[in-house]
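Visitor: Below are the structure tokens for one structure; questions will follow.
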Amino acid sequence: MWGPHVSFEAWRWVWRTGVKGTKQHVLFGLADAHRQKTGRCGPSVAELVEATGIGERTVRRAIGELIDEG
């Protein structure tokens, strides 16, 4: 899933958000999937589960909380 086109700007953004814990891990998974060249980021929940080692329900919950928090 991840490759040589990881957006390091996206990684830096995650650090600056101040988000911690599980939500931070999910954000890093999303940052890994972000492609700076295209601006696209669309990993599946299954891909995030695999990349982070976090369970599916927990990933879904973290995504929902991140959306709710803006």
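The values are calculated or read from the model by the stated rules, or taken from the named source; none is laboratory data. Keep in mind the model is a prediction, meaning the values are calculated, not measured. Cβ sites come from the backbone with ideal geometry, for glycine too, and all protein chains shown count toward neighbours. In case anyone asks, the SASA skips ligands and DNA or RNA and just uses the protein heavy atoms, side chains included. Shrake-Rupley method; radii C 1.70, N 1.55, O 1.52, S 1.80 Å.
Visitor: Under unit Cβ charges (Lys, Arg +1; Asp, Glu -1), what dipole magnitude, rounded to 20 debye, does the chain have relative to its Cα centre? Please list the in-between numbers first.
Guide: Values: 10 positive and 8 negative charges, 32 e Å.
With Lys and Arg at +1 and Asp and Glu at -1, about 160 debye.
Visitor: When the helix-only estimate is applied to the chain (DSSP H runs of n ≥ 4, each -39,500 (n - 2.57), divided by the residue count), what is the mean residue ellipticity at 222 nm, nearest 500 deg cm²/dmol? Write out the running numbers ahead of the final one.
Guide: Working: 4 runs with 45 residues, N = 70.
The helix contribution divided over the chain gives -19500 deg cm²/dmol.
Visitor: Let me ask something else. Out of the trypsin sites (Lys or Arg not before Pro) in segment 2-70, which ones are loop residues according to DSSP with at most 12 other C-beta atoms within 10 Å?
Guide: Values: sites: Arg12, Arg16, Lys20, Lys23, Arg35, Lys37, Arg40, Arg57, Arg60, Arg61; in loops: Lys20, Lys37.
Those that pass, being in a loop and sparsely packed, are Lys20, Lys37.
Visitor: Let me ask you something else. Provide the per residue accessible area, probe 1.4 Å, for the chain, rounded to a whole number of square angstrom.
Guide: Values: 4850 Å² over 70 residues.
Spelled out: the 1.4 Å probe surface of the chain, per residue, equals 69 Å².
Visitor: While we're here: Counting pairs of alpha carbon atoms under 8 Å apart in space and at least six apart in sequence, what relative contact order in percent does the chain give?
Guide: Working: 65 pairs, mean separation 21.9, N = 70.
It rounds to 31 percent for the chain.
Visitor: Hey, any idea what % of the chain's accessible area is carbon plus sulfur with a 1.4 Å probe? Can you show the working numbers first?
Guide: Working: 2550 of 4850 Å².
C and S atoms contribute 52 percent here.
Visitor: Which of the DSSP-defined H helices in the chain satisfy a minimum axial length of 18 Å, computed from C-alpha atoms, and a minimum mean Kyte-Doolittle hydropathy of -0.5?
Guide: Values: long enough: 21-33 (19 Å, 0.20); 56-69 (20 Å, -0.70).
Helices meeting the span and hydropathy rule in the chain are 21-33.
Visitor: Right, something else. Under 13 Å from the Cβ of Glu65, count the other residues' Cβ atoms, weight Lys and Arg +1, Asp and Glu -1, and hand me the total.
Guide: On the way: positive: Lys20, Lys23, Arg57, Arg60, Arg61; negative: Asp68, Glu69.
Neighbour charge sum, excluding Glu65 itself: +3.
Visitor: Just to confirm the filter: which chymotrypsin sites (Phe, Trp or Tyr not before Pro) across the chain are DSSP coil and have at most 14 other Cβ within 10 angstrom of their Cβ? Display every interim value, and only then the final one.
Guide: Values: sites: Trp2, Phe8, Trp11, Trp13, Trp15, Phe28; in loops: Trp2.
In loop regions of the chain (DSSP not H, G, I, E or B), the sparsely surrounded chymotrypsin sites (Phe, Trp or Tyr not before Pro) are Trp2.
Visitor: Starting from the Cα of Leu66, step 7 Å along the direction of its Cβ; do the same at Trp15; then give the gap between the two resulting points in nm.
Guide: If labels sit at Leu66 and Trp15, their model points lie 1.8 nm apart.
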